[in-house]
1. Any residue at all in the range 17-24 that is closer than 24 Å to Asp193 by Cβ and either buried (at least 17 other Cβ atoms within 10 Å of the Cβ) or small (Gly, Ala, Ser) (or both)?
2. Take the range 1-43 and flag every residue that is under 21 Å from Thr202 (Cβ atoms) and outside any strand (DSSP E or B).
3. Select from the range 111-169 the residues that are of a type in the set (S, T, N, Q) and outside any loop (DSSP other than H, G, I, E, B) and list them in ascending order.
4. Considering Val108, Val79, Val83, which residue is without any contact (Cβ under 8 Å) to a residue 24 or more places away in the chain, under 19 Å from the mean Cα position of the chain (by Cα) and part of a helix (DSSP H, G or I)?
5. Output yes when any residue across the range 66-81 is crowded, with 17+ Cβ neighbours inside 10 Å, out of contact with any Asp or Glu (no Cβ under 8 Å at 6 or more places or on another chain), more than 24 Å from Val185 (Cα to Cα) and among the charged types (D, E, K, R), and no when none is.
6. Of the residues that make up the range 72-89, is at least one under 30 Å from Thr179 (Cβ atoms) and in contact with a Phe, Trp or Tyr (Cβ under 7 Å, 6 or more places away or on another chain)?
7. Quick one: which residue in Ala126, Ala136, Ala120 is without any contact (Cβ under 8 Å) to a residue 60 or more places away in the chain, more than 13 Å from the chain's Cα centre (by Cα) and buried (at least 23 other Cβ atoms within 10 Å of the Cβ)?
Amino acid sequence: MTLAPQLALRKVDKVYPGHPPLHVLKDIDLSIQAGEFVAVVGPSGSGKTTMLSIMGTLDQPTAGEVWIGGVNAAAIGEVERSVLRSDVIGFVFQQFFLLPSLTALDNVAEGMLYQRRRRAERRRLAMAALEQVGLASRARHRPGELSGGEQQRVAIARAIAGQPGILFADEPTGALDQTSGHLIVDYLRTIADAGTTVVVITHDQALAARFDRKVSLLDGAIVRDQRRRASLRPPSPVGASR
C-alpha cells in the first residue's frame, strides 16, 4: 500500500505582479513522506525560500495545491492556516529571533503561547526540547550569554517544543561557523530520526550532501530530486505527539 505524503505541492506556481510579471515558482510537484530528512538547494534567486514560505503556509501560491496531512492549505482561509501552522509546523531561520531579556527556557516556552497550553505544560515541554538539543544545563542563560551555535539550538528547541509534524529550516547554519553548522545538522537529523519531517533550505551543496534527500531548484523549477538512502523510519501522523 502506498502511503499518502505528509506534505505535497501539486502544480504550484508563484507569480508576483509587475512589468513583466516575476514568475518565481513554475509547475512545482513535490511529495514528502513523514519522517523524511530533506534539503532543498539552489543558488540565490532560484525560488527555494519562496517555496518554503508556501510549504509552511506563510504565503499562498498563485496556482496549485499545498497538501499538509490531507488538508489543502491553499483552499482554506487565513484563520484555518494559522491554526494549521500552530499545530503542525515549526520554523527555524538563519537569524535566531530570540528575545534578549528572556532565558533560553522562557524563549522556548513563549513559542507555544498560541497553542492553548497552560504555562506549566509549556515550560515542561520547553525543558524537554532543550534537553533534546543538549542545552538543559543552559536553560537559565539569556541569549547574550550563549554562543551562536547555542542560540540556534535554542531556536530549534523553540520550533520542536510543541511537537510539530513538520520542521522547516531556512539557511539554519548560514550565520554559524562550519563546526557549529555541522552540529546543527546532527541535531536536525536526530529530530528527523524521532519522526518529525525536516525540510532545510540551503545554498550549501556540501551541507545538503548530509541529507537523505536533495531537491535541487533552478529558475523556479525542480531540476533534480535525489534520494541518498532509503529511510528506515516508520511514518508518524501529522502533529502526532512523540
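Since every read-out is calculated from the coordinates, none of them should be taken as a lab result. Remember, it's a predicted structure, so these values are computed and weren't measured experimentally. In this analysis, Cβ positions are derived from the backbone assuming ideal geometry, glycine residues included, and neighbour counts consider all displayed protein chains.
1. If we filter the range 17-24 for residues that are closer than 24 Å to Asp193 by Cβ, which is where we start, we get none.
No, because not a single residue in the range 17-24 is closer than 24 Å to Asp193 by Cβ and either buried (at least 17 other Cβ atoms within 10 Å of the Cβ) or small (Gly, Ala, Ser) (or both).
2. Gln6, Gln33, Gly35, Glu36, Gly42, Pro43
3. Step one: of the range 111-169, the residues of a type in the set (S, T, N, Q) are 115, 132, 137, 147, 151-152, 163.
Gln132, Ser137, Gln151, Gln152 - these are the residues of the range 111-169 that are of a type in the set (S, T, N, Q) and outside any loop (DSSP other than H, G, I, E, B).
4. Working: Val108 fails: without any contact (Cβ under 8 Å) to a residue 24 or more places away in the chain; Val79 fails: under 19 Å from the mean Cα position of the chain (by Cα).
None of the others qualify; the one that does is Val83.
5. For the range 66-81, residues crowded, with 17+ Cβ neighbours inside 10 Å, out of contact with any Asp or Glu (no Cβ under 8 Å at 6 or more places or on another chain), more than 24 Å from Val185 (Cα to Cα) and among the charged types (D, E, K, R): present.
6. From the range 72-89, those under 30 Å from Thr179 (Cβ atoms) are 89; that's our starting set.
Narrowing further to those that are in contact with a Phe, Trp or Tyr (Cβ under 7 Å, 6 or more places away or on another chain): 89.
Within the range 72-89, one or more residues are under 30 Å from Thr179 (Cβ atoms) and in contact with a Phe, Trp or Tyr (Cβ under 7 Å, 6 or more places away or on another chain).
7. On the way: Ala136 fails: buried (at least 23 other Cβ atoms within 10 Å of the Cβ); Ala120 fails: buried (at least 23 other Cβ atoms within 10 Å of the Cβ).
It is Ala126.
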